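Colleague: First the structure, then my questions, so here it is.
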Amino acid sequence: MKYNPSKIERKWQRWWETNKLYEAPDFSGGNLPAGRQGKNFMLLVEFPYPSGDLHTGHWYAFAVPDIYGRYLRMNGYNVSYPIGFDAFGLPAENAAIQRNIHPRDWTKKNIKNMTKQLKSMGAMFDWSRQVSTIEPEYYKWTQWIFLQLYKAGLAYRAKTAANWCPKDKTVLANEQVVDGKCERCGTQVVQKEIEQWMFKITSFSDRLIDDMKELDWPESTKKAQENWIGRSEGAKIKFPIISSHLPINDQLPKLETGNWKLENNIEVFTTRPDTIYGATFLVVAPESEAIKNLKFKIKNWPEVQAYIEQANKKTELQRQEGREKTGVELKGLNAINPMTDEPIPVWVADYVLGHYGTGQIMAVPAHDERDREFAEKYNLPIKEMVPEDMKKIMEALKEKGVGESKKNYRLHDWLLSRQRYWGAPIPMIHCAECGYVPVPEDKLPVKLPALDNFLPADDGRSPLAKAEKWLKVKCPECGKPAERETDTMDTFVDSSWYYLRYADPKNKDEFASKPMVANWLPIPLYFGGAEHNTMHLLYSRFITKALRSLNLVDFSEPFLSRRNHGIIMGPDGQKMSKSKGNVVDPDEQVAKYGADTVRMYFAFMGPYDQNYAWNFDGVLGVRRFLDRVWNFVQRFEDKKSSEVNSSEINLVIHRAIKEVGEQIKHHKFNTGVSALMKLLNELERLASSNYKLSPISYQLFLKLLAPYAPHMAEELWASVLINEGSIHNQGWPEVDESLLDAQEIKIIVQVNGKVRATVMAKPGISESEVRYLAMADSAIQKYLAGAEPKKVIYVKDKLINLVV
Ligand code: ANZ
Ligand code: ZN
């Protein structure tokens, strides 16, 4: 029979499903298979967004980690490999608007199609735990988590300048603005002041940095998070302000203690208080409060105001990087350097940003590049100096009452409201009398109302504002007419806790029960893409820490290990895109070669964290390998044969068991394939030199193949080797280390001067022992046909010739 994957793959997928092979039981005491107690392992991959079709990226992301999951399973772990759908979000809404189809219908159709495609992968997905973020049973708990955070003061409302996409008419998180443009549609983003719901992620800034020490994550991911949070340690220092046209002493600037009065002051944030003796001027951002407060002292106000207006038109990016610096002096006032007591000028300049630190700096042109550039342009003094002892400076500043240590962070609170339809409604009610009131927990979920127009309202309010009946409710506190919150949540909220739900997906009373969560979490290993280095991973860590602070979970880090995968490019080495016509459709590849080939090809591409161009010859090569495997196993004859392997075969097989296992264990899936290929080469060679493999060897071989090519291994296991039960319930073979330690040598065995076999033996073995090994060899027995050799010629450690 020829290898025909389309005949066997679907069949086994169904069989696995019917037999619930991959549904991992929740442990409760002893109801796990023997040996699996205490070995729960939830292997996590990033649940997909249901865009419609599974692409090569999905295959790479799911089919390769599946190899690892299967390996763990064979090593006695109770592995759950869950999958679900991150199904709220903008594309569904855009598709709905374009094609006049409800976002729910569009999304559900996609989920259905992708489920089918996912099943064709032959992965050990634990479908019993499937979650989908758009189902009310799921988003009820997304809303519930929001309420817990709200009650704990970790969710709040604030007016902020928000990134606003004029085309999508929605607010965007900083992360969704790429090069000043909307990540989704490419429109230039503008700043708009509106009231927004925020999560107080900044209250965990330090923990989010410090707790990473314990995590087994790629350094690049840790660094990305650290930079994102951007902790700077330094000081806040107050510089007293005086009028420049009056003599200092006329302004009675000092207290009796000799310290400066601080009624008027400008507070700067600096990471280098030790350079304060070189601070020769101050610079404030155009947005700085100080300017407004000091307005009455500023003599050139119209000029300053004009500068501010012009600066407001620039994006943050235009104000930084490489642009020529501009600024205007605030005339009529001076600051006092509190260490030198000397008056210094104050400038407004847009290279200082309004929302970082205090929005005001001390300029040290001798030590800071930007300040030097500015000082040179405007002829401001540059004072060369040697930095002071930091500790002493801080003590002096504290004594003078002008300085304190201060950590500063780049991280902002998480802006989570979206003026969109297709998301989880924020479960709040606004009452004219009581303000914002939470929806009572027993009234959750707040279901999305039916709507047929998903465009935002013209005032930028969420489309939900159009659902009149849904909108109008009674205030839960005073009973007067009130309105529901019309914003929905950022989809990153949905995906920040899905792994918790996997532990207890059907729970109706809790988002997940503590003991169930304790079964599976923290997640021992999370495979995913480097594009989630900051947002998703940071948000999930925040939510976990918030839940921990509310005693709702017992750990504060959700993912103990993390491994990133690379990206699969088109055959031309470019990012796959429809417009470039370089998209490889995995469904087509599966139809042509079979899922096992496609899986193994992905594994074989190279180290898992790198990027690769699709290579059609490469797929074909893997298919040929599997054809050879298929044909080779057909040699298997008799299960009951008592055939014993030659020592050489044993050595070859046990080396492979060790090698394939070690490679998979260390996520080196590609070298695991090489080891399998090498093994097949050697077995083919041995088999063609008249060796017969023992039944055991075939079994071992298939077990090594099983994580990579689960369908083929299952088929051959059942139909050729005639075994009952699934090969995927077998244990990973044990390596006979004693065979490997021995470092044996190969001795050629001749019969009447012709090479007929080899035997493996320890160096220095005696003639009689070699003779014994040779006579026991099945190939040799055939040639001797029962005869005793008349003469034996032995060349030590090299060759034995039996003459009959
Ligand atoms: C004096 C000084 C001397 C500074 C020196 C640096 C080097 P990071 O590490 O990024 O936190 N700074 C403070 N607030 C700013 C703002 N809103 N816009 C632009 N620049 C600002 O950088 C902190 C340093 O960046 C601060 O320390 C301040 O300049 C500047 F040799 O103060 B430094
Ligand atoms: Zn009320």
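Residue-wise test of (1) crowded, with 17+ Cβ neighbours inside 10 Å; (2) out of contact with any Lys or Arg (no Cβ under 8 Å at 6 or more places or on another chain); (3) polar (S, T, N, Q).
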site: Ser128; (1), (2), (3): no, no, yes
site: Lys151; (1), (2), (3): no, yes, no
site: Tyr156; (1), (2), (3): no, no, no
site: Cys165; (1), (2), (3): yes, no, no
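Colleague: Next question. Identify, by number, the condition in (1) part of a strand (DSSP E or B); (2) of a type outside the set (Val, Ile, Thr); (3) open to solvent by 70 Å² or more (accessible area, probe 1.4 Å); (4) more than 15 Å from ligand 1 (Cβ to nearest atom) that Lys407 doesn't meet.
Modeller: Here Lys407 clears every test but (4).
Colleague: Have a look at Lys213, Lys200 and point out the one that is open to solvent by 70 Å² or more (accessible area, probe 1.4 Å) and in contact (Cβ under 8 Å) with a residue 60 or more places away in the chain.
Modeller: Matching residue, one of Lys213, Lys200: Lys200.
Colleague: Scan segment 431-444 residue by residue and report those that are open to solvent by less than 100 Å² (accessible area, probe 1.4 Å) and either touching a His at 6+ places or on another chain (Cβ under 6 Å) or more than 9 Å from ligand 2 (Cβ to nearest atom) (or both).
Modeller: Selection gives Tyr436, Pro438, Val439, Pro440, Glu441, Leu444.
Colleague: Residues to consider are Phe542, Phe625; find the one that is within 22 Å of the chain's Cα centre (by Cα), open to solvent by less than 20 Å² (accessible area, probe 1.4 Å) and farther than 20 Å from Ala61 by Cβ.
Modeller: Working: Phe625 fails: within 22 Å of the chain's Cα centre (by Cα).
Of Phe542, Phe625, the one residue that is within 22 Å of the chain's Cα centre (by Cα), open to solvent by less than 20 Å² (accessible area, probe 1.4 Å) and farther than 20 Å from Ala61 by Cβ is Phe542.
Colleague: Let me ask something else about it. Looking only at segment 218-256, count every residue that is in contact (Cβ under 8 Å) with a residue 60 or more places away in the chain and assigned to a loop (DSSP other than H, G, I, E, B) and tell me the total.
Modeller: Summing the residues that are in contact (Cβ under 8 Å) with a residue 60 or more places away in the chain and assigned to a loop (DSSP other than H, G, I, E, B) in segment 218-256 gives 6.
Colleague: I'm trying to understand the selection: among the residues of segment 513-522, which are surrounded by fewer than 23 Cβ atoms within 10 Å (Cβ to Cβ) and either among the aromatic types (Phe, Trp, Tyr) or touching a residue at least 40 places away in the same chain (Cβ under 8 Å) (or both)?
Modeller: Taking segment 513-522 as the starting set, the residues that turn out to be surrounded by fewer than 23 Cβ atoms within 10 Å (Cβ to Cβ) are 513-516, 518-519, 522.
Result: Lys514, Met516, Asn519.
Colleague: Now, a different point. Sort through Phe555, Phe604 and tell me the only one that's under 30 Å from Asp211 (Cβ atoms) and open to solvent by 10 Å² or more (accessible area, probe 1.4 Å).
Modeller: Phe555
Colleague: Still on this structure: Assess whether His412 counts as being under 27 Å from Leu172 (Cα atoms) and either within 16 Å of ligand 1 (Cβ to nearest atom) or assigned to a loop (DSSP other than H, G, I, E, B) (or both).
Modeller: On the way: under 27 Å from Leu172 (Cα atoms): yes; either within 16 Å of ligand 1 (Cβ to nearest atom) or assigned to a loop (DSSP other than H, G, I, E, B) (or both): yes.
Judged against the criteria, His412 is a match.
Colleague: Let me ask another. Could you check segment 101-217 for strands (runs of 3 or more DSSP E) lying wholly inside it with 3 or more residues that are not β-branched (Val, Ile, Thr)?
Modeller: 155-165, 190-199
Colleague: Which one of these is farther than 29 Å from Leu294 by Cβ and within 31 Å of the chain's Cα centre (by Cα): Thr187, Thr202?
Modeller: Exactly one of Thr187, Thr202 is farther than 29 Å from Leu294 by Cβ and within 31 Å of the chain's Cα centre (by Cα), namely Thr187.
Colleague: Taking the conditions exactly as written (open to solvent by 20 Å² or more (accessible area, probe 1.4 Å) and not in a loop (DSSP other than H, G, I, E, B)), does Glu388 satisfy them or not?
Modeller: No; evaluated as a whole, the condition is false for this residue.
Colleague: If you don't mind, another one. Residues in segment 75-101 that are over 25 Å from Pro505 (Cβ atoms), open to solvent by less than 10 Å² (accessible area, probe 1.4 Å) and of a type in the set (A, V, I, L, M, F, W, C): how many?
Modeller: Final tally of qualifying residues: 2.
Colleague: Ok, one more. Please work out if Lys331 is more than 9 Å from ligand 1 (Cβ to nearest atom), within 41 Å of the chain's Cα centre (by Cα), outside any helix (DSSP H, G or I) and not acidic (Asp, Glu). Talk me through it step by step, then tell me what you get.
Modeller: On the way: more than 9 Å from ligand 1 (Cβ to nearest atom): yes; within 41 Å of the chain's Cα centre (by Cα): no; outside any helix (DSSP H, G or I): yes; not acidic (Asp, Glu): yes.
Against the criterion (more than 9 Å from ligand 1 (Cβ to nearest atom), within 41 Å of the chain's Cα centre (by Cα), outside any helix (DSSP H, G or I) and not acidic (Asp, Glu)), Lys331 does not qualify.
Colleague: Search segment 349-371 for residues that are more than 6 Å from ligand 1 (Cβ to nearest atom) and pair each with any residue that is open to solvent by less than 20 Å² (accessible area, probe 1.4 Å) and in a loop (DSSP other than H, G, I, E, B) when their beta-carbon atoms are under 6 Å apart and the residues are at least 6 apart or on different chains.
Modeller: Once the first residue is more than 6 Å from ligand 1 (Cβ to nearest atom) and sits in segment 349-371, its partners that are open to solvent by less than 20 Å² (accessible area, probe 1.4 Å) and in a loop (DSSP other than H, G, I, E, B) give Asp350/Pro286; Gly354/Ala285; Gln360/Ser288; Asp371/Val364; Asp371/Pro365.
Colleague: Right, another one. Tell me, please, whether a residue that is touching a residue at least 24 places away in the same chain (Cβ under 8 Å), among the hydroxyl-bearing types (Ser, Thr, Tyr), more than 16 Å from ligand 2 (Cβ to nearest atom) and over 23 Å from Ser244 (Cβ atoms) can be found in segment 337-344.
Modeller: Checked segment 337-344: no residue is touching a residue at least 24 places away in the same chain (Cβ under 8 Å), among the hydroxyl-bearing types (Ser, Thr, Tyr), more than 16 Å from ligand 2 (Cβ to nearest atom) and over 23 Å from Ser244 (Cβ atoms).
Colleague: What about Glu46, is it under 19 Å from the mean Cα position of the chain (by Cα) and either modelled with pLDDT of 95 or more or under 30 Å from Leu704 (Cβ atoms) (or both)? Give the derivation first.
Modeller: Working: under 19 Å from the mean Cα position of the chain (by Cα): yes; either modelled with pLDDT of 95 or more or under 30 Å from Leu704 (Cβ atoms) (or both): yes.
When the stated conditions are applied, Glu46 passes them.
Colleague: Sticking with this structure for a sec: From the list Lys466, Lys472, Lys447, which one is within 16 Å of ligand 2 (Cβ to nearest atom) and more than 29 Å from the chain's Cα centre (by Cα)? Reasoning before the result, please.
Modeller: Details: Lys466 fails: within 16 Å of ligand 2 (Cβ to nearest atom); Lys447 fails: within 16 Å of ligand 2 (Cβ to nearest atom).
The conditions single out Lys472.
Colleague: Find the residue count for segment 354-366, including only residues that are surrounded by fewer than 18 Cβ atoms within 10 Å (Cβ to Cβ) and at pLDDT 95 or above.
Modeller: Counting residues in segment 354-366 that are surrounded by fewer than 18 Cβ atoms within 10 Å (Cβ to Cβ) and at pLDDT 95 or above gives 0.
Colleague: For segment 446-480, enumerate the residues that are open to solvent by less than 40 Å² (accessible area, probe 1.4 Å) and of a type in the set (A, V, I, L, M, F, W, C).
Modeller: Once the filter is applied, which keeps residues that are open to solvent by less than 40 Å² (accessible area, probe 1.4 Å) and of a type in the set (A, V, I, L, M, F, W, C), segment 446-480 yields Val446, Leu448, Leu451, Phe454, Ala457, Leu464, Ala465, Ala467, Trp470, Leu471, Val473, Cys475.
The values are calculated or read from the model by the stated rules, or taken from the named source; none is laboratory data. Quantities reported herein were computed from a predicted structural model and do not represent experimental measurements. Because the Cβ atoms are built from the backbone with ideal geometry, glycine has one as well, and the counts that use them run over all protein chains shown. Side chains are part of the model used for accessible areas, which takes the heavy atoms of the whole protein and leaves out ligands, DNA and RNA. Shrake-Rupley method; radii C 1.70, N 1.55, O 1.52, S 1.80 Å.
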